[in-house]
Amino acid sequence: MVRALLFSRDIVAALLLLIVGTTVVVLSLHYQLGSPAQMGPGFFPLLAGGLIVVFGAVIAARALIAAPTAAPLPGFAAKPVLGTLASIVLFGLVIGGGGGLALSVFLLSLAASASGHDFRVLPSIVLAAALAAVSVLIFVVGLRLPMPILPAL
Amino acid sequence: MDFASTIGLGLAAAATPENLLYCLFGVVIGTLIGVLPGIGPLATMAMLMPATFALPPLGALVMLAGIFYGSQYGGSTTAILLNIPGEGASVPTALDGYQMARKGLAGVALTTAAVSSFVAGTIGTLALALLSPLFAAIALQFGAAEYFMLMVLGLMAAIAMAHGSVLKAAAMVVLGIALGCVGVDVNSGVYRFTFGQTNLAEGLGVVAVAAGLFGIVEVIRNLEEHTRQTSYGGSLGRLWPNRREVRRALPAALRGSAIGTLLGILPGSGATMAAFTSYTIEKKAARDESEFGRGAIEGVAGPEAANNAAAQTTFIPLLTLGLPGNAIMAIMMGAMLIHGVVPGPNVLVEQPVIFWGLIASMWIGNVILIFLNIPLVRLWVWLITLPYRFLFPAILTFTCIGVYSVNNEPADIALLAAFGAGGWLLVKLEFEPAPLLLGFILGPMMEEYLRRALLLSHGSPDIFVERPISLALLALAVLVVALLSLPVIRRGREQLRD
């Protein structure tokens, strides 16, 4: 019972709001609050943070009342979620590390394909190479974005 | 300036070769993503916004607007052929459009949808041109207190129209406002919530936030749900409706245009609600209600007209009051701000070429769309069969390059991933990202107006009730909240969700 309640969707949602809201409130208190007529930098964020906490508390209260019929926490498919995010981070690391646009796109596309369904190696490599070529054509040749194409040696 | 000369000014600005090209580009991409399942106008606009930074302001806005109303056209194609509405606003179209397709009238349904959209687009654009000066004239009377209340009202309306829990939508709005506080506070020069990161000084980048919340989340959700690939096997049949069908469709399209024009103006409402309302009205007005759901042509003409007219008139509050009525308009607003165009009544006065040029381009875009869609229907049908496993790496690629290109800053990619992850978590917990984006865009302006209003009143909140326009806006906002708590309305919202 307690376990089911703790892992109900709305309880987790409310906890998330309470944590975020409290963080905003605490951080806002570090800035000058001022008065309503002369608001300091902390005034408005404090209001926003306070409201987040209030909404979190109301959602929590309603979830506790509705506890027996609460919707459980939904499951998730780890591979597409983590794989997609990881491929984005990979793109950032490669392009930020001077890997050039072509290589960054190639790796992003390949990693993304691998995190989806029906992953087939050869078509994915062809797609990644095609996207790398198209990206270079559109963004560097066409739109003249100041990005290196190939890795700096 | 009189009406004819302002329209002339707009047409001259919109009909330059470059702007025609941007318009064509926008509506083609819009139609494409409307047709393709699994990518919506929000994600596409966020993805392509950086590509418009290099364009002149008018060209950029023409293209982004084209993506939006183009997607309304495209969404109806998949709704009719596959019973998969590409956008929420095409859901009612699927009800009767798909049944028409099953009877071998797919071509007629598609043509009816395209022509109705064109009629509505023309009426909507005309309404936009006629009504905007009136709205702007009212808005010129606004002071800080009125603007603050207007934004409160806009956010209330967005909460009212969100799917699911009202409380959760409200929480998202405030969370968005809090995220909007990140960066240098313009009044004191204090760095807020930047954690020593200098690249956060100008706040969280709107491109990374929007692309993460909509683009990345959409990709992850599609991969998680692993939607089955569908394709259209049937033939299109004849394309043109016969005289009897025209006589039924035309009045429906005109009624739909009127409904869409009106509902589009209301903040929070927009194309989806217009389409649903039009469908309900057509069903009530029909001589034989039992035909609905079995391929009634009115059920295609009305909602398609309504969603397209609304797509045009949702620009009215944004362009004249500076109030984005939904998340798509919030992205438009973000793009306008980046180009140094502050949405509001002053656009009309100070930048008439941009204002009338954008409006004229929407009508030109509708002309392009009708010439584009009827001959290209077969191409769109073929595109639907494109497997998602080829599509999503391309979406991720263009999103990442777009976000990176804003500042050539790898930290922006980290931000994109963070908002993708955070947005995904929120969606899993049944929070909607759209109200969050609205709060994020409006937050900094609300803070500024609140400060100015209270500075004027020496800290007294009475200023919001002493000024008549502010009081009226406040009353409307309270009315929205009161309506939300009525059991009848709550049930209605639940039904709309299902």
- [ ] Select from region A:61-107 the residues that are surrounded by fewer than 18 Cβ atoms within 10 Å (Cβ to Cβ), outside any loop (DSSP other than H, G, I, E, B) and over 24 Å from the mean Cα position of the chain (by Cα) and list them in ascending order.
- [x] A:Ala61, A:Arg62, A:Leu64, A:Ile65, A:Ala67, A:Pro68, A:Thr69
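Residue-wise test of (1) among the aromatic types (Phe, Trp, Tyr); (2) within 20 Å of B:Met329 (Cα to Cα); (3) more than 22 Å from the chain's Cα centre (by Cα).
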| residue | (1), (2), (3) |
| --- | --- |
| B:Met151 | no, yes, no |
| B:Ile159 | no, yes, no |
| B:Ala170 | no, yes, no |
| B:Gly183 | no, no, yes |
| B:Val186 | no, no, yes |
| B:Phe193 | yes, no, yes |
| B:Thr198 | no, no, yes |
| B:Gly212 | no, yes, no |
| B:Leu223 | no, no, yes |
Open item on the list: Filter region B:428-444 down to the residues that are over 13 Å from B:Val206 (Cβ atoms) and either in contact with a Gly (Cβ under 8 Å, 6 or more places away or on another chain) or more than 10 Å from chain A (Cβ to nearest Cβ) (or both) and list them by number.
Closed with: B:Glu430, B:Glu432, B:Pro433, B:Ala434, B:Pro435
TODO: Provide a single number: the residues in region B:365-406 that are of a type in the set (S, T, N, Q), within 14 Å of chain A (Cβ to nearest Cβ) and closer than 30 Å to B:Gly10 by Cα.
DONE: 0
Task: In region B:300-343, residue surrounded by the fewest Cβ atoms within 10 Å (Cβ to Cβ) [restricted to those that are under 18 Å from B:Gly180 (Cβ atoms) and over 15 Å from the mean Cα position of the chain (by Cα)] - done: B:Val342
TODO: Would you please name the residue that is nearest to the other protein chains (Cβ to nearest Cβ), looking only at residues in region A:50-81 that are in contact (Cβ under 8 Å) with a residue 12 or more places away in the chain and farther than 22 Å from A:Leu15 by Cβ?
DONE: A:Pro80
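From B:Ala201, B:Ala208, which residue is crowded, with 16+ Cβ neighbours inside 10 Å and either among the acidic types (Asp, Glu) or closer than 22 Å to B:Met49 by Cβ (or both)?
Numbers: B:Ala201 fails: crowded, with 16+ Cβ neighbours inside 10 Å.
Within the list B:Ala201, B:Ala208, the selection yields B:Ala208.
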TODO: Look at B:Ala13 and say whether it is in contact with a helix residue (DSSP H, G or I) (Cβ under 7 Å, 6 or more places away or on another chain), among the small types (Gly, Ala, Ser), in a helix (DSSP H, G or I) and surrounded by fewer than 24 Cβ atoms within 10 Å (Cβ to Cβ).
DONE: yes
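Suppose we filter region B:19-76 for residues that are among the aromatic types (Phe, Trp, Tyr), surrounded by 24 or more Cβ atoms within 10 Å (Cβ to Cβ) and closer than 26 Å to B:Val342 by Cα; how many remain?
Our first condition is that a residue be among the aromatic types (Phe, Trp, Tyr); within region B:19-76, this holds for B:22, B:25, B:53, B:68-69, B:73.
Adding the requirement that they be surrounded by 24 or more Cβ atoms within 10 Å (Cβ to Cβ) leaves B:22, B:68-69, B:73.
Cutting the leftovers down to closer than 26 Å to B:Val342 by Cα gives us B:22, B:68-69.
Total satisfying the criteria: 3.
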Task: All positions within region B:1-43 that are under 21 Å from the mean Cα position of the chain (by Cα) and among the hydroxyl-bearing types (Ser, Thr, Tyr) - done: B:Tyr22, B:Thr31
- [ ] Considering only region A:125-143, state which residues are within 8 Å of chain B (Cβ to nearest Cβ) and either surrounded by fewer than 19 Cβ atoms within 10 Å (Cβ to Cβ) or among the hydroxyl-bearing types (Ser, Thr, Tyr) (or both).
- [x] A:Ser135, A:Leu143
Task: region B:402-428, residues that are more than 19 Å from B:Phe193 (Cα to Cα), in contact (Cβ under 8 Å) with a residue 24 or more places away in the chain and surrounded by fewer than 19 Cβ atoms within 10 Å (Cβ to Cβ) - done: B:Val406, B:Asn407, B:Glu409, B:Val427
- [ ] Please give the number of the condition A:Gly40 fails out of (1) of a type outside the set (A, V, I, L, M, F, W, C); (2) more than 7 Å from every other protein chain (Cβ to nearest Cβ); (3) farther than 27 Å from B:Ala417 by Cα; (4) surrounded by fewer than 19 Cβ atoms within 10 Å (Cβ to Cβ).
- [x] (2)
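Rule-based calculations on the coordinates, nothing more; no lab input. For clarity, every value in this text was computed on a predicted model and none was experimentally measured. Glycine gets a Cβ as well: all are built from the backbone with ideal geometry, and neighbour counts include every protein chain shown.
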